[in-house]
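Working notes for the structure below.
FYI, it's all coordinate maths here, none of it is from the lab. Keep in mind that what you see is a predicted model, and the values were worked out from it rather than measured. All Cβ positions, even for glycine, are placed from backbone atoms using ideal geometry, and neighbour counts span all protein chains on display.
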Amino acid sequence: MDLSTLLQQLVNGLALGSVYGLIAIGYTMVYGIIGMINFAHGDVYMISAYVTAIVIALLTFFGIESFPIILLGTLFFTILINSAYGWTIERLAYRPLRQSTRLAPLISAIGVSLVLQNYVQISQGARSQGVPTLMSGSFRLEMAEGFIQVSYTQLLIIVVALLGMALLTWIIQSTRLGRECRATQQDRKMAMILGINTDRVISTVFVIGAAMAALAGTLVTLNYGTFDFYIGFIIGIKAFTAAVLGGIGSLPGAMLGGILLGMSESLFSGMVNTDYKDVFAFSLLVLIMIFRPTGLLGKPEVEKV
Amino acid sequence: MNQPLLDIQEVDASYGPIQALNQVSMHIHQGEIVTLVGANGAGKSTLLMSLFGNPGVTRGEIHFDGTALTSQPGHKIASLGIALVPEGRHVFAQMSVEENLIMGTTPIGTKHVHEDLEKMYELFPILEERKQQNASTLSGGEQQMLAIARGLMSRPRLLLLDEPSLGLAPIVVQQIFSILKEVASGGMTIFLVEQNVHHALKLANRGYVMANGRIKLGGTGTELLSNREVREAYMGG
């Protein structure tokens with residue numbers, strides 16, 4: 001494999017990985033704060049694909065054709081609607097089980113996942129849907145042998161994902177809301193004693209996770225065009241793998257894990273075999289679980305005395 | 001005297017089937033330092049936590065400055081002016097010392113934060129030296145100081161302290177108690193739960209003795225120190 005193919009696969013992997021990273025944020029933050037894996041998260045991502053298509057259809061219906069306006073409009077509405085989904089799911093399916101065993105919300109999450117898939121299948125139909133290509137064209141970088149091609153949408157995915165991650169990092173590190181999130185994550189009882197409404201903080205974390213998934217869903221839908229009610233499952237598990245790879249509970253870990261997973265999957269596709277790329281990704285998950293269960297940036301759980 | 005700042009009346013509370021508090025009544029007036037002593041498992045920490053509804057009070061009333069605490073959600077208690085420095089310190093290990101202190105301002109907002117940080121660094125100079133470090137890197141005594149300072153950052157009207165001397169070297173305990181004395185001399189109302197009876201009763205105006213979830217005795221510090229029953233009930237003869 002020559003250099004240009006390698007670089008091309010890395011660029012493709014970066015775009016794919018940014019998407020994994022955005023979705024992984026939702027897994028990792030929810031795990032960090034209440035210690036549960038939100039198996040419905042991938043389906044929240046799926047919802048955003050449908051919302052994207054609906055918003056694009058509506059905007060074109062009203063005669064709006066400028067791409068930046070369509071992009072901002074869809075982002076705005078998918079984030080809004082996805083946030084509402086995230087908030088509602090936590091409120092209805094997880095909060096009533098907060099005092100229950102650890103397994104109960106997990107099972108509830110699988111239930112929510114099935115409900116979302118079936119409800120979308122019934123209301124939107126089982127067939128694959130699509131949106132028209134709104135932005136085409138690409139940069140072409142000539143090299144000594146061959147070339148690298150970066151489409152504008154890929155570039156858009158990478159830039160928007162990095163901006164989203166930077167904004168979120170800033171919120172968590174430097175704002176009052178972020179401090180409250182971290183305090184609740186580290187010691188929920190103490191956070192309550194200090195006057196933090198921990199239930200509200202947990203809701204906020206679900207909203208943030210859903211908003212990041214909306215960002216990913218919109219970008220991917222604009223890039224690939226087609227989707228169905230089942231897309232949330234596989235990409236959800238991939239993003240979960242990314243979160244575990246980076247160290248579940250760690251925000252920079254989710255981003256790093258996403259990008260690493262995207263790149264290695266892309267390299268595997270390019271160098272070995274495209275059909276087995278999912279097998280490769282999940283083998284990676286198994287290997288991490290065996291050899292480094294805390295992930296790359298995760299901290300081993302320390303029993304507090 | 002006028003009505004007490006904290007008034008606990010015939011409170012029962014339980015963890016599942018185990019009754020942890022049984023008909024507990026006590027009160028603290030503005031400006032007083034009151035201590036609660038008793039053996040491990042007597043229900044002292046439970047009493048403090050029941051102010052925050054955790055465990056919930058099943059019978060009886062708790063009033064703070066006329067407001068019924070039992071009908072408030074736990075996170076609303078701090079904004080009434082009650083700060084708890086819990087047993088085991090519970091500092092936020094992955095936050096810097098200064099961030100921990102800022103977390104203390106949650107109930108009142110950050111209007112006075114710079115002024116109050118200065119005050120805390122004056123009271124606990126070691127915290128200023130370590131303000132950028134993660135709280136997990138502090139020694140036990142330093143963490144205790146941080147926990148107390150974090151409690152004071154909310155400008156409380158009532159400071160609840162749960163076993164501030166637990167697990168600390170005698171010299172550090174001395175240090176902590178002399179700081180508490182300084183805080184108290186500023187007019188702070190303090191409710192101190194301690195197993196270190198000697199230190200606690202010396203600092204306090206009054207004290208209660210608790211055993212098996214009940215208040216057994218109450219009186220001034222010197223009264224309790226010289227009481228034979230206290231030795232029997234608590235110090236084991």
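Condition check ((1) at positive phi; (2) crowded, with 21+ Cβ neighbours inside 10 Å; (3) of a type in the set (Asp, Glu)) across all residues:
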position: A:TYR45; (1), (2), (3): no, yes, no
position: A:PHE62; (1), (2), (3): no, no, no
position: A:VAL112; (1), (2), (3): no, yes, no
position: A:GLU145; (1), (2), (3): no, no, yes
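Inspect all residues belonging to the range A:170-184 and state whether any of them is among the hydrophobic types (A, V, I, L, M, F, W, C) and over 19 Å from A:THR28 (Cα atoms).
Within the range A:170-184 (the criterion being among the hydrophobic types (A, V, I, L, M, F, W, C) and over 19 Å from A:THR28 (Cα atoms)), the answer is no, since none of the residues qualifies.
Run A:ILE69 past the list (1) surrounded by 14 or more Cβ atoms within 10 Å (Cβ to Cβ); (2) touching a helix residue (DSSP H, G or I) at 6+ places or on another chain (Cβ under 8 Å) and report the number of the one that doesn't hold.
Here A:ILE69 meets the rest and fails (1).
Could you tell me whether B:GLY53 is within 19 Å of B:VAL11 (Cβ to Cβ), under 17 Å from the mean Cα position of the chain (by Cα) and within 13 Å of another protein chain (Cβ to nearest Cβ)?
Here the answer is yes, as B:GLY53 does meet what is asked.
What number of residues within the range B:82-138 are assigned to a helix (DSSP H, G or I), under 21 Å from the mean Cα position of the chain (by Cα) and within 14 Å of chain A (Cβ to nearest Cβ)?
Of the residues in the range B:82-138, 6 are assigned to a helix (DSSP H, G or I), under 21 Å from the mean Cα position of the chain (by Cα) and within 14 Å of chain A (Cβ to nearest Cβ).
Within the range A:171-189, identify whether any single residue is within 14 Å of the chain's Cα centre (by Cα), more than 14 Å from chain B (Cβ to nearest Cβ) and either in a helix (DSSP H, G or I) or of a type in the set (A, V, I, L, M) (or both), and answer yes or no.
The answer is no, given that none of the residues of the range A:171-189 is within 14 Å of the chain's Cα centre (by Cα), more than 14 Å from chain B (Cβ to nearest Cβ) and either in a helix (DSSP H, G or I) or of a type in the set (A, V, I, L, M) (or both).
Taking only the range A:199-226 into account, find how many residues are over 19 Å from A:LEU168 (Cα atoms) and within 14 Å of chain B (Cβ to nearest Cβ).
Counting residues in the range A:199-226 that are over 19 Å from A:LEU168 (Cα atoms) and within 14 Å of chain B (Cβ to nearest Cβ) gives 1.
Within the range A:147-170, take every residue that is within 23 Å of the chain's Cα centre (by Cα) and among the aromatic types (Phe, Trp, Tyr) and give me the one that is nearest to the other protein chains (Cβ to nearest Cβ).
Top of the filtered list is A:TRP170.
Please enumerate the residues belonging to the range A:195-220 that are under 21 Å from B:PRO73 (Cα atoms) and either under 11 Å from the mean Cα position of the chain (by Cα) or in a helix (DSSP H, G or I) (or both).
Residues satisfying the conditions are A:THR198, A:ASP199, A:ARG200, A:VAL201, A:ILE202, A:SER203, A:THR204, A:VAL205.
Condition first: within 24 Å of B:ARG89 (Cα to Cα), among the charged types (D, E, K, R) and crowded, with 16+ Cβ neighbours inside 10 Å. Can you find one or more residues in the range B:185-204 that meet it?
The answer is yes; a qualifying residue exists.
Looking at B:ARG150, B:ARG155, which is the one that is in a loop (DSSP other than H, G, I, E, B) and among the charged types (D, E, K, R)?
B:ARG155
Which ones in the range B:36-78 are among the polar types (S, T, N, Q) and in a loop (DSSP other than H, G, I, E, B)?
Once the filter is applied, which keeps residues that are among the polar types (S, T, N, Q) and in a loop (DSSP other than H, G, I, E, B), the range B:36-78 yields B:ASN40, B:ASN54, B:THR70, B:SER71, B:GLN72.
Say we look at the range A:237-258 and pick out the residues that are surrounded by fewer than 24 Cβ atoms within 10 Å (Cβ to Cβ) and under 19 Å from A:PHE280 (Cα atoms); which of these is nearest to the chain's Cα centre (by Cα)?
For the range A:237-258, the residue satisfying everything is A:ILE237.
Could you grab me the full set of residues in the range B:31-45 that are under 21 Å from A:MET190 (Cα atoms) and surrounded by fewer than 21 Cβ atoms within 10 Å (Cβ to Cβ)?
B:GLY41, B:SER45
If you scan the range A:85-112, which residues turn out to be under 25 Å from A:ILE56 (Cα atoms) and touching a helix residue (DSSP H, G or I) at 6+ places or on another chain (Cβ under 8 Å)?
Matches in the range A:85-112: A:TYR85, A:GLY86, A:TRP87.
In the list A:ALA24, A:ALA53, A:ALA49, which residue meets the criterion of being in contact with a strand residue (DSSP E or B) (Cβ under 9 Å, 6 or more places away or on another chain), in a helix (DSSP H, G or I) and surrounded by 24 or more Cβ atoms within 10 Å (Cβ to Cβ)?
Result: A:ALA49 is the single residue among A:ALA24, A:ALA53, A:ALA49 that is in contact with a strand residue (DSSP E or B) (Cβ under 9 Å, 6 or more places away or on another chain), in a helix (DSSP H, G or I) and surrounded by 24 or more Cβ atoms within 10 Å (Cβ to Cβ).
What residue, among those in the range B:56-81 that are among the small types (Gly, Ala, Ser) and closer than 21 Å to A:THR198 by Cβ, is farthest from the other protein chains (Cβ to nearest Cβ)?
For the range B:56-81, the residue satisfying everything is B:SER71.
Anything in the range B:85-102 that is at positive phi and touching a residue at least 60 places away in the same chain (Cβ under 8 Å)? List them, or say none.
Within the range B:85-102, B:GLY88 is the sole residue that qualifies.
Quick check, is A:ARG91 outside any loop (DSSP other than H, G, I, E, B) and of a type in the set (D, E, K, R)?
yes
For the range B:173-187, how many residues meet the condition of being in contact (Cβ under 8 Å) with a residue 12 or more places away in the chain, over 27 Å from B:ALA211 (Cα atoms) and of a type outside the set (Val, Ile, Thr)?
Total meeting the criteria: 3.
Looking at the range B:106-120, is at least one residue surrounded by 21 or more Cβ atoms within 10 Å (Cβ to Cβ), in contact with a Ser or Thr (Cβ under 6 Å, 6 or more places away or on another chain) and either free of Cβ contacts under 8 Å to residues at least 40 places away in the same chain or at negative phi (or both)?
yes
In the range B:166-219, how many residues are closer than 15 Å to B:LEU48 by Cα and basic (Lys, Arg)?
1
So, B:LEU168, is that one touching a residue at least 12 places away in the same chain (Cβ under 8 Å) and not in a loop (DSSP other than H, G, I, E, B) or not?
Considered against the rule, which asks whether it is touching a residue at least 12 places away in the same chain (Cβ under 8 Å) and not in a loop (DSSP other than H, G, I, E, B), B:LEU168 comes out as no.
Considering the range A:181-209 alone, what residues qualify as being in contact with a His (Cβ under 8 Å, 6 or more places away or on another chain) and closer than 23 Å to A:VAL115 by Cα?
A:GLY209
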